[in-house]
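Right, one structure below, let's go through it.
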Amino acid sequence: MTNRARKPYIAGNWKMNLDRARSLDLIKTVKGRLGDGGDREVAFFVPAIYLADVSAVAQGSPLGIGGQNLWFEANGAFTGEVAPRMLREVGADRVLIGHSERRHVFHEPDDWMGRKVRAALDCDLLPIYCIGETLDERKGNRTERVLKRQLESGFEKVKVEDCHRLTIAYEPVWAIGTGETATTEQVGATHKMIRKWLAVRVGEPAANLVRVLYGGSVKPDNAKDLMAVEHVDGLLVGGASLQAETFLPIVEYDRAPA
Ligand code: PEP
């Protein structure tokens with residue numbers, strides 16, 4: 001964490017986990033602990049079907065609530081998809097775009113990403129745009145090329161004035177849900193590359209407003225070290241966001257354990 005102008009951002013991605021009752025319990029617990037939450041931003045990315053109930057419980061707290069995906073059109077014959085305006089209607093204020101499971105399990109192509117990011121911004125949803133290389137790509141020295149291609153596609157329709165609303169999450173595919181975290185050296189080098197790319201793409205002042213999170217097997221015992229890496233502005237947490245006992249120590253990464 002290097003730039004205090006960028007508020008630390010800790011986000012939980014529930015994926016297709018929990019049920020309605022456990023979701024609401026978790027929100028109540030985290031809400032109770034957050035208080036006014038002033039010095040950090042905390043959010044959960046929730047299955048679409050629970051968004052209305054979860055955001056109702058989160059109301060009155062600084063907790064952000066987001067969808068895990070969207071389609072970039074507002075209406076139409078897109079069976080099974082959710083429009084940005086629908087996410088807004090059920091209380092979401094943010095959304096994940098390009099999560100590795102969307103790219104690799106559901107084969108979402110790069111050329112959808114720019115339109116998805118644009119659709120989110122146009123509907124007042126704060127996007128977290130996820131990028132990351134596979135193990136084969138890393139082993140084949142293709143990490144930088146792959147990440148730059150993903151960045152180009154996600155930023156295709158981004159304007160300089162959008163940057164303060166944009167977050168990037170660097171999530172190496174081989175570290176997601178595997179228990180294998182990228183080393184702090186790997187994270188530092190990759191975040192530095194992303195920051196350099198941003199400065200070229202949107203100019204230094206706008207680039208400085210974009211937060212870049214790390215994601216991939218973040219746990220209470222590695223959160224502090226990851227947050228200490230230069231250019232890391234926050235964490236995107238999957239498995240450890242499903243329980244207050246593991247998520248809260250990550251949110252409170254800089255406080256001594258009770
Ligand atoms: C994720 O879902 O974005 C993620 C990083 O998962 P996990 O923390 O379980 O690796």
- Item | Only Lys, Arg (+1) and Asp, Glu (-1) charged, at Cβ; the chain dipole about Cα centre in debye | 260 debye
- Item | Top positive-direction residue, dipole computed over segment 3-251 with Cβ charges, set Val251, Gly76, Val173 | Val251
- Task: Return the percentage of antiparallel bridges among DSSP beta bridges fully within the chain, rounded to the nearest 5 %.
- Result: 0 percent
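Within segment 59-137, list the chymotrypsin sites (Phe, Trp or Tyr not before Pro) lying in a DSSP loop whose Cβ has at most 15 other Cβ atoms in a 10 Å radius. Could the numbers behind the result be given before it?
On the way: sites: Trp71, Phe72, Phe78, Phe106, Trp112, Tyr129; in loops: Trp71, Phe72, Phe78, Phe106.
Counting only loop positions with at most 15 other Cβ atoms within 10 Å, the chymotrypsin sites (Phe, Trp or Tyr not before Pro) in segment 59-137 are Phe78, Phe106.
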- Accessible area in square angstrom per residue, segment 3-251, 1.4 angstrom probe: 44 Å²
- Note on the structure: Taking only the Cα positions of the chain, the convex hull volume per residue in Å³ is 119 Å³
- Item | Qualifying trypsin sites (Lys or Arg not before Pro) for segment 84-168 [loop in DSSP, other Cβ within 10 Å: at most 13] | Lys159
- Length-normalised contact order for segment 3-251 - Cα pairs under 8 Å, 6+ apart - percent: 20 percent
- Message: I need to check one value: relative contact order of segment 1-89, counting alpha carbon pairs closer than 8 Å and at least 6 residues apart, in percent.
- Response: 27 percent
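Net charge near Cys130, counting Lys/Arg +1 and Asp/Glu -1 over other residues with Cβ under 10 Å of its Cβ?
On the way: positive: Arg102, Arg103; negative: Glu101, Glu171.
Charge balance in the 10 Å sphere: 0.
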- Just list whichever of Lys7/Lys139; Lys7/Lys224; Lys15/Lys116; Lys7/Lys31; Lys15/Lys139 have alpha carbons separated by over 23 Å in the model shown. Lys7/Lys139; Lys15/Lys139
- Task: Could you tell me the distance between the Cα centroids of segment 62-115 and segment 24-57, to the nearest Å?
- Result: 19 Å
- Which of Leu209, Ala120, Val105 sits farthest toward the positive end of the charge dipole of the chain, with +1 on the Cβ of Lys and Arg and -1 on the Cβ of Asp and Glu? Leu209
- Task: Post the alpha-carbon centroid distance, segment 148-167 to segment 188-212, in whole angstrom.
- Result: 10 Å
- Item | Backbone N within segment 189-218 under 15 Å of label point (7 Å from Glu161 Cα along the Cβ vector) | 206
- Under the Karplus relation with 6.51, -1.76 and 1.60 and θ = phi - 60°, whole-Hz ³J(HN,Hα) for segment 38-49, x at Gly and Pro, equal x, 8, 8, 9, 10, 8, 10, 9, 10, x, 3, 5
- Return the distance in nm (one decimal) between the two label points of a simple spin-label model at Arg40 and Asp19, each offset 7 Å from Cα along Cα→Cβ. 3.1 nm
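Roughly speaking, to the nearest percent, how much of the chain's 1.4 Å accessible area is carbon and sulfur? Before the final figure, lay out the partial values.
Values: 5950 of 11670 Å².
Answer for the chain is 51 percent, counting heavy atoms of protein chains only.
Could you list the trypsin sites (Lys or Arg not before Pro) in segment 166-258 that lie in coil according to DSSP, counting only those with at most 11 other Cβ atoms within 10 Å of their Cβ? Please list the in-between numbers first.
On the way: sites: Lys192, Arg195, Lys196, Arg201, Arg211, Lys224, Arg255; in loops: Arg255.
Sites meeting the loop and neighbour criteria: Arg255.
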- Computed [θ] at 222 nm, helices only, for the chain once each DSSP H run of length n ≥ 4 contributes -39500 (n - 2.57): -11000 deg cm²/dmol
- According to a simple spin-label model (label point 7 Å from Cα along Cα-to-Cβ), what is the distance in nm between Arg255 and Phe78? 4.0 nm
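The values are calculated or read from the model by the stated rules, or taken from the named source; none is laboratory data. These figures come from a predicted structure and were not determined experimentally. So basically every Cβ, Gly included, is an ideal-geometry build from the backbone, and we count neighbours across all protein chains shown. Quick note on the areas: whole protein, heavy atoms, side chains included, nothing else; ligands and nucleic acids left out. Shrake-Rupley method; radii C 1.70, N 1.55, O 1.52, S 1.80 Å.
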